[in-house]
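Report on the following structure.
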Amino acid sequence: MPLPIVFTGRHGYIRYWGLIRLLLLPSFAEQMNFYEAESYSRLQEAVSVCLKEGESFSLKLKIAHSVGPDRIMLVHGGLHKVEGMEATGLVGTAQDITDRTHTGSRLRLAEAVFQTTQQGICIASSDRRILRINRAYEQITGFTPDEIIGQDIGIIRSGMYPQSRYETTWKAVTTNGYWDGETYIRRKSGDIFAAHVMITMVSDESGEPTHFIGFLRDISEKRQQEERIDYLANFDALTGLPNRVQFNNLAAKQLEVWQIMQESSALVFIGIDHFSRINDTLGHKQGDELLRQVAARVQDALPAGSLLARQGGDILVALLPLADRVQDVMEVAQHVLDKLHDPMPIGEIEIGITASIGVSVYPCDGAQLDDLLKYADVALRAAKAGGRDTCRRFSQEMSERAQYQLMIENDLRRAIGSDELQLYLQPQINLHTHKIRGFEGLIRWQHPREGFLLPGAFIDVAESSGLIVPLGAKVFSLACDRLVAWRDQGHPMVPISVNVSAQQLLDLTFVHDIRETLAQRDIDPQSIIIEITEKTLVNNGKRGADSLQEMTAMGLKISIDDFGTGYSSLNYLSKLTVDQIKIDRSFVCELPGNHQTLVILKAIMAMARELGLEVVAEGIETEGQLATIRQLGVPVGQGFLLGIPTPDGTIRTLSS
């Protein structure tokens with residue numbers, strides 16, 4: 001490109017020739033006003049040095065353009081000499097390099113971006129040979145430029161996909177101009193990792209590809225996080241088994257297959273017996289370890305092709321193939337129970353457990369997964385109700401029973417807040433004075449459809465549903481209301497015994513609620529006797545013992561019901577403040593003829609005298625039983641022979 005030529009005399013007058021003709025200016029200094037301040041200063045110094053010392057110069061200068069943005073000029077200058085004469089001035093050239101300078105800046109910026117981005121980039125020729133890679137690409141793949149330049153762009157393929165997959169990818173690139181997706185890549189080391197890849201095609205004016213540019217990002221950490229989230233969403237973190245959601249998905253698909261193949265299967269619920277007691281006694285850490293070992297043992301005991309999952313809590317669920325007889329699954333279930341009988345090492349101790357199993361069979365019991373799950377749960381409940389450590393197969397009778405229990409549960413939830421529940425009182429008689437010693441409060445339910453219900457019709461439902469806690473609170477409140485009524489009417493404040501369940505003892509608000517109820521009604525705690533079964537005393541560990549001690553500190557009396565029925569509570573009698581024991585009716589009903597029973601009762605009476613405990617014999621129904629009880633020295637008796645449970649009106653008459 002022709003350059004402007006500048007000539008100036010020693011006095012600074014200048015003239016321009018060349019491509020750009022400018023005005024004749026009066027002096028060089030005036031021309032330099034076109035330059036910005038810094039450029040002006042540099043040019044002035046360079047010209048001065050050149051004129052004085054004859055040193056030529058070359059400068060990049062910024063000049064103010066009259067109608068547009070500033071321009072960058074490359075100015076060369078030196079002395080103008082004629083041979084044989086002194087220098088007559090300066091001569092130089094000025095070239096506009098604005099565009100070239102900006103292009104260079106953009107190229108340097110592009111190179112910086114290319115090399116510093118965290119995304120791997122490779123540039124390949126039209127025949128897919130790698131021409132350049134950036135530092136990120138080298139770091140991600142492990143290949144250096146010397147190792148990979150000239151190689152096919154597919155050198156990093158994982159090999160996990162068929163050739164057709166890669167052909168489809170390149171067809172998308174050449175057809176659409178790009179491909180974008182997630183895939184697996186192989187590093188130089190051979191490691192395979194998840195990556196996000198984008199390939200774009202660069203074409204010439206005719207549309208023919210000239211280059212391919214690949215963008216590569218390592219997403220293995222992101223994929224691991226996604227897989228972890230997916231795992232937590234579908235698998236139980238404790239046992240490693242599928243969770244309920246994943247099991248339902250897998251089981252539904254498997255049932256569809258078996259339906260097409262016309263094969264049978266069984267759905268099995270496995271529940272650890274008394275697992276809450278183990279948790280409360282040993283702690284949740286040991287309970288978790290027990291669950292892990294149970295899951296592993298059950299998995300080993302199931303036949304090939306079975307699907308095992310954790311349904312929730314201590315319940316495992318399994319889908320089993322049934323090749324021949326339904327009896328086969330019952331044999332498998334018994335095998336599982338036998339495996340679980342072997343003690344399990346938990347920390348420094350070994351724990352022996354039992355389990356209960358419920359079974360439903362496809363398609364005999366149902367064709368839909370939801371039905372099979374429901375029926376297996378019903379069968380499991382029946383197994384637990386039938387004594388535990390056993391297996392039950394679903395039957396229609398169980399279903400009807402379950403529906404009835406569900407009805408009872410829903411109605412009981414409503415009844416607790418209504419006046420359908422009534423407190424009946426059965427007298428406890430002093431066998432020496434024949435006077436009333438106290439009463440046991442017994443709940444009765446006037447059901448709107450089922451009529452008058454005794455506790456046996458709904459207590460089990462209350463315990464299994466968790467309603468036993470609010471029901472127990474209701475009974476305690478009714479007993480306190482009765483005491484208040486007697487006080488207001490001038491009747492004697494005869495103590496009332498109130499039955500308390502294991503769940504109530506473990507409830508964190510139980511003792512607090514009792515304290516508030518007594519305070520609100522201004523009732524002497526000595527008027528209430530808390531009655532718990534021997535089984536409850538033994539099985540509820542430190543939390544239950546703490547609740548009993550808190551109630552004793554409040555002034556409430558503690559009575560042990562069903563004493564002597566097989567649970568060793570003697571250790572607790574020495575540690576806890578117990579006021580009364582009740583001889584179970586199972587002993588009383590064998591009187592007067594059973595010699596062994598007499599020996600046991602004599603031992604109980606001797607122990608009670610030594611410990612200072614009051615003894616009540618319950619279930620006295622015949623004169624012979626009453627006579628024997630008196631001979632044994634039992635001070636207080638209770639039973640139909642002495643008085644049936646009666647509502648408020650009759651009790652007020654008796655108490656007066």
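Based on what the data block shows, is Lys435 touching a strand residue (DSSP E or B) at 6+ places or on another chain (Cβ under 8 Å) and without any contact (Cβ under 8 Å) to a residue 12 or more places away in the chain?
Working: touching a strand residue (DSSP E or B) at 6+ places or on another chain (Cβ under 8 Å): yes; without any contact (Cβ under 8 Å) to a residue 12 or more places away in the chain: yes.
Criteria met by Lys435.
Considered as a group, the residues in region 444-479 that are over 14 Å from Ala385 (Cα atoms) and of a type in the set (S, T, N, Q) include one that is farthest from the chain's Cα centre (by Cα), and that residue is Gln446. Answer yes or no as to whether Ser418 is surrounded by fewer than 20 Cβ atoms within 10 Å (Cβ to Cβ), of a type in the set (Ser, Thr, Tyr) and in a loop (DSSP other than H, G, I, E, B). Yes. Just give me the residues in region 363-407 being modelled with pLDDT of 90 or more and within 22 Å of His447 (Cβ to Cβ), in sequence order. Within region 363-407, just Met407 meets the criteria. Here Leu423 does not fit the description of being outside any strand (DSSP E or B) and either touching a residue at least 40 places away in the same chain (Cβ under 8 Å) or hydrophobic (A, V, I, L, M, F, W, C) (or both).
Looking only at residues of region 175-202 that are free of Cβ contacts under 8 Å to residues at least 12 places away in the same chain and outside any helix (DSSP H, G or I), we find that the one that is nearest to the chain's Cα centre (by Cα) is Asp191. Among the residues of region 421-451, those identified as in contact with a Pro (Cβ under 7 Å, 6 or more places away or on another chain) and not aromatic (Phe, Trp, Tyr) are Gln422, Leu425, Gln426, Asn430, Leu431, His432, Ile436, Gly438, Leu442, Ile443. Here Ile353 fulfils each of the conditions (1) of a type in the set (Val, Ile, Thr); (2) in a loop (DSSP other than H, G, I, E, B); (3) in contact (Cβ under 8 Å) with a residue 60 or more places away in the chain; (4) within 30 Å of Ile629 (Cβ to Cβ) apart from (4).
Does at least one position in region 209-221 carry a residue that is more than 15 Å from the chain's Cα centre (by Cα), part of a helix (DSSP H, G or I) and aromatic (Phe, Trp, Tyr)?
First pass over region 209-221, keeping only residues more than 15 Å from the chain's Cα centre (by Cα): 209-221.
From what is left, the residues that are part of a helix (DSSP H, G or I) are 220-221.
Those left that are additionally aromatic (Phe, Trp, Tyr): none.
So far as region 209-221 goes, no, none of its residues is more than 15 Å from the chain's Cα centre (by Cα), part of a helix (DSSP H, G or I) and aromatic (Phe, Trp, Tyr).
In region 238-250, the condition of being modelled with pLDDT under 85, assigned to a helix (DSSP H, G or I) and surrounded by fewer than 14 Cβ atoms within 10 Å (Cβ to Cβ) is met by no residue.
Kindly evaluate Gln405 against the criterion of being surrounded by 15 or more Cβ atoms within 10 Å (Cβ to Cβ), in contact with a Lys or Arg (Cβ under 6 Å, 6 or more places away or on another chain), of a type outside the set (Lys, Arg) and within 17 Å of Phe269 (Cβ to Cβ).
Numbers: surrounded by 15 or more Cβ atoms within 10 Å (Cβ to Cβ): yes; in contact with a Lys or Arg (Cβ under 6 Å, 6 or more places away or on another chain): no; of a type outside the set (Lys, Arg): yes; within 17 Å of Phe269 (Cβ to Cβ): yes.
Judged against the criteria, Gln405 is not a match.
For region 296-346, a residue qualifies if it is part of a strand (DSSP E or B), crowded, with 20+ Cβ neighbours inside 10 Å and not hydrophobic (A, V, I, L, M, F, W, C), and the qualifying residues are Arg310, Gln311. Quick check on Ser276: is it hydroxyl-bearing (Ser, Thr, Tyr) and part of a strand (DSSP E or B)? Against the criterion (hydroxyl-bearing (Ser, Thr, Tyr) and part of a strand (DSSP E or B)), Ser276 does not qualify. Among the conditions (1) under 21 Å from Ile529 (Cβ atoms); (2) in contact with a Phe, Trp or Tyr (Cβ under 7 Å, 6 or more places away or on another chain), Ile429 misses just one, which is (2).
The numbered conditions (1) in contact (Cβ under 8 Å) with a residue 60 or more places away in the chain; (2) under 30 Å from Lys542 (Cα atoms); (3) polar (S, T, N, Q); (4) assigned to a helix (DSSP H, G or I) are all true for Gln259 except (2).
Number of residues in region 137-155 that are free of Cβ contacts under 8 Å to residues at least 40 places away in the same chain and either in a helix (DSSP H, G or I) or exposed (fewer than 14 other Cβ atoms within 10 Å of the Cβ) (or both) equals 10.
The values are calculated or read from the model by the stated rules, or taken from the named source; none is laboratory data. Keep in mind it's a predicted model, so treat the numbers as computed, not measured. Every residue, glycine among them, receives a Cβ derived from its backbone with ideal geometry; neighbour counts consider all protein chains shown.
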